[in-house]
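Presented below is the structure to which this report refers.
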Amino acid sequence: MIKTVYQATLASAICLAAMLGHSAIASAANLQVQLADKTGAPLADAVVYAVPIGAKVPAKAPGTAIIDQIHRQFVPKVTILQTGTSVSFPNKDNIEHDVYSFSPAKTFELKLYSGIPAHPVVFDKPGLVVLGCNIHDQMIAYVMVVDTPFFAKAGANGVAAIEGLPAGDYEIKAWDYRLPDGAAQPTQRVTVTTDQKLKFALDVSAN
Amino acid sequence: MRIRIHHLHTRIALVFVALLLVIQVAGFSVISTAIYANARHTVNDQLSVSEKVFRQLLSSDDEKLRQAATVTAADFGFRAAVATRDQATVESALKNQGDRIHANLVMLVGPDNRLLADTLAPNEAGRDFSFPDLIATARRSGSASKVGLVNGRLYQLVAVPVLAPLPIAWVVMGFAVDNALAVRLGDITSLGVSFLTKTADGKWSLLATALPEDKGQELAQALDQVGASSGSLEIDRSYARFGMTRYGARIISLDQNGQRVVAVLQRSLDEAMASFRRLQSTLLIISVVGFVVSLVGSVLTARSITRPLAALTRFARSLGRGDFEVPIEAAGDDEIGELTQAFNTMRGNLVERERRILDLAYYDPLTRLPNRVMFTDQLTRMIEQASRADTTFSLMMMDLDRFKLVNDTLGHHMGDLLLCEVGQRLSRTLSHESEMVARLGGDEFALLLPDTDLDAAKRFARRIGTVLDEPLSIDGHTIDVHGSIGIVSFPLHGREFHTLMRRADVAMYAAKRVNAGSAVYSAADDVHSPERLTLMTELRRAVESDQLSLYYQPKVDLSSYQVKYVEALVRWIHPERGFIAPDQFIPFAEQTGYIKVLTRWVIDRAMRQLAQWHADGIDLSVSVNVSARDLLHAGLPEYFEGALRRYGVSPQWIWIEITESAVMDDAAAALQTLDQLHQMGLRLSIDDFGTGYSSLAYLKRLPVDEIKIDKSFVMGMMTDNDDEVIVRSTIDLGHNMGLKVVAEGVESEAVMLLLGTLNCDLVQGYHVSRPLPEDKFREWLRQWHASVPANVQADTLDGGRHIA
């Protein structure tokens, strides 16, 4: 069921992108990014996002996301979303959770609750938000809030695909929760004209 | 001897005591060493256990503190405060949380190791935290702890992360390591617990201790010394002497990143060994008491051995002195007792043996009378007594007449019985206990009569004669017993033992000579009297200086009046005394044994003379007188043989004249000698025939060629018819036995004629010639031959042949 929701969300996003790019179909391209560590092992759950250079970021479309709590784990562990996205935190466990964040990008606390909280949390500032549960220290989730609609998360094979990129220059940024604190964010510049592939080798060994 | 015994006793005691001492000392030292080792071992064990306990306590404290800090750091409000970086709030929250768990200090350290807050120094935020390793460990392990010095005080520090939910900072909480903690740890581990650090100047400084303050300072000083000597402080598991007290100690390094901090666990060895010391004292007392008891015991044991030994020694010594009277008391039935018993048995045996020895030594086994030894003792004692008391006593010496005859004819057994009987009879004559009869040997007896003068002794001798005269019958043989007794008196006949004995002997022989039964000593009889001694000396000189000479008395053949035989007779012409008669020195020579020399002198001269005569054409045979003692002397035949050879004389020219008694005394020996001489070709002649007791049986056994009728019969034949009968019978007897008969003592023509009618072969006497010196004899012989017609001579030769 979780998968369905996620796929639904993903499907709607793609659909949205397709609609947005309708006016410039001829110049839209896909960017396939391979994320791996220094040894070449694929980094699942790593994220990438593309920031246009010189071009105006396309207008935001209000979006929603869901981060479940299942078996005392946040699912998914890593989420990337566009600024302004409302995130719902359904508690699928039969115990209460107290989801909080002290991250500057979004500080909040959902006091002990069961089921679905009444109000979703809107992530209105870009940045990394680390989520925890006040009563289950092992529960950690990462939410990367970005100011661009062009982003993707790597699957188990470490491949993240950003689709429907209009032709132009981009800064492609990668992030992985395994990167050490304060590490410089790996960034690559690309000029998108047609479909292309990109590789990131992230230094996650320091952690 | 006493000292030696003492030594034995001391030696036994010493050996025991030395052994005991060695054992006690060895035992004591071994046990003491064991006790000490055990104590050390115990302390060591205690320290090992306590060290583990101590470490366990520290780590358990640690864990508790860590958990407390973790809980504190997990407080949401606290985390919120830290996350929001509100300095004032953070500091107050830190203090609050610290107070909750009684932490003495609380610090907040950022990921960059910078102090975000410090309750001890609120205004010094931003400094580097002093223990980055603590944070590093906590980052790795979720939490960390260590002991560390902060501002000169020792703290147990724990670090836990502040999770938001990732670690955003570390809370460090410190708990003071103070005396209270040391005491608590000390109470649990039963050890002295101290914490020390090495200051910048290299000295050890006391941080906290469960000990009294002064002891703690002593410990610090001691560590300084140990550190100085070893050059290193990694000296845990060592023992040390801290101050005056010995300790077993463990120095546990709590050292981390440069700061030298140690915990010292110590246990007083003396305290630990107190119970062992008490045991040791008890052991010492037991050892000493045991030693003393053993000492006394060994001395007593040694005494108990040596005391009976000393008694035995005294006993043996008294045995040695000949004191056999008192037996020694048996001292129990141990080995000493057995030895004592053996000594007693020995004493009994000695008594018995001495009795037997005394018996053998002092008594004659045959007659059971005292023997010569005892008699000698008794006489010696009596001489002493009589000398002191100036009294008199008498001594008698007796031997039996013709005892030899009894022995020879009836056998030794009979002789022994006779001696026993005589002994009993003599014993019966004694009337007083102090009187004594002893058998001196052979048939010789002696009597000792105290307080008896010479007259009484003579009466006593007569009584003995009477007693012996009683008929005596042994094994059916009636034996006539006569004794000859010599009597001497003390001090009349001498004061000396030997004098008395010898003179009694002399008197006895005198009595025997005259057949008187008994005789009192007289100097005249005494060979050893001064006069006789002189004679002896002179006789010897006479032989040596040729004062002696041989005279020759012819024997005339009655049938032919030829002189073919002469008797050689020794004569002594003394330079001062003149002519000394043979009967004055011949018996004397016989008594002294000098006769042997004399006889040999005579033989030698006679042979020489004989050789001379034959060389001069004078055909003579010579008779030589040989005494009884000569016959008994060995070597007489050999001497004759030598002389014959020396002078080239034919043996048949030699006649040997012996008296009957010479043969009788020791017939067997005499007979042997005579047989030997006869075999050599010498002829034998019985002198003084008829005066002795000789039987015809003897005559028959002797290798005799001639008998010489004693002159007493010849001289009396003219007046006494009996004598004439005897002479006639003797001549007939001799002829019938094939012997030549010579008549001695012919002093008249009538006697010579009568003898001629009786067919006597030869005559000798003054009527024919006295004994003459050689030169005169030659003259006489020449004249005699001149006066005798030759035809008579021829007849005589025929007659002589007929007789032979």
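The values are calculated or read from the model by the stated rules, or taken from the named source; none is laboratory data. Because the structure is predicted, anything quoted here is derived from the model rather than measured. Cβ: placed from backbone, ideal geometry, glycine included. Neighbour counts: every protein chain shown. Side chains included, ligands, DNA and RNA excluded: accessible areas come from the protein's heavy atoms. Shrake-Rupley method; radii C 1.70, N 1.55, O 1.52, S 1.80 Å.
Cross-link partners of B:K512 among lysines, defined as those whose alpha carbon lies under 22 angstrom from its own and excluding same-chain residues fewer than eight positions apart: B:K404, B:K458.
Against chain B, whose longest principal axis is taken from its Cα atoms, helix B:497-514 shows a tilt of about 30°. In order along segment A:144-157, phi translates into HN-Hα couplings of 9, 9, 10, 8, 9, x, 9, 8, 7, 10, 6, x, 4, 7 Hz, rounded to whole numbers, per the Karplus curve 6.51 cos²θ - 1.76 cosθ + 1.60 with θ = phi - 60° and x for Gly and Pro.
The label-point distance for A:V57 and B:R701, in a model that sets each label 7 Å from Cα toward Cβ, rounds to 18.9 nm.
For B:L154, the amide hydrogen comes within under 5 Å of the amide hydrogens of B:V177, counting only partners 5 or more places away or on other chains and with H modelled in the peptide plane. For the pair B:R495 and B:T282, the difference between a 0.36 nm per residue extended length and the Cα-Cα distance amounts to 67.9 nm. Counting only residues at least eight positions apart within a chain, or on another chain, the lysines with an alpha carbon under 27 Å from that of A:K56 are A:K106, A:K125, A:K153, A:K173, A:K197, A:K199. Mind checking the log10 I(q)/I(0) for the protein assembly as shown at q = 0.09, 0.10 Å⁻¹? Debye, one equal scatterer per Cα, no solvent, two decimals. At q = 0.09, 0.10 Å⁻¹ the computed log10 ratios are -1.11, -1.21. When you restrict to C-alpha pairs under 8 Å that are six or more residues apart and normalise by the size of segment A:128-207, the relative contact order lands at 21 percent. With all protein chains kept in place, the per residue accessible area of segment B:40-134 amounts to 50 square angstrom at a probe of 1.4 angstrom. Secondary structure note: in chain B, about 80% of the DSSP beta bridges are antiparallel.
Under 17 Å of direct C-alpha separation, and excluding same-chain neighbours fewer than eight residues apart, A:K38 reaches these aspartates and glutamates: A:D176, A:D203. Calculation over all alpha carbon pairs of segment B:435-531 in 5 angstrom steps from 0 returns a P(r) of 3, 13, 21, 26, 18, 10, 5, 3, 1, 0 percent. Compared with its chain on its own, segment B:140-173 contains the following residues whose accessible area drops by 20 Å² or more in the full protein assembly (probe 1.4 Å; ligands, DNA and RNA excluded): B:L163, B:A164, B:P165, B:L166. Our compactness index for segment B:372-526, the C-alpha radius of gyration over the empirical 2.2 N^0.38 Å, is 1.02. Each of B:R541 and B:N736 was given a label point 7 Å from its Cα along the Cα-to-Cβ line. The distance between the two points is 5.5 nm. The alpha-carbon atoms of segment B:75-177 define a convex hull whose volume equals 86 cubic angstrom per residue.
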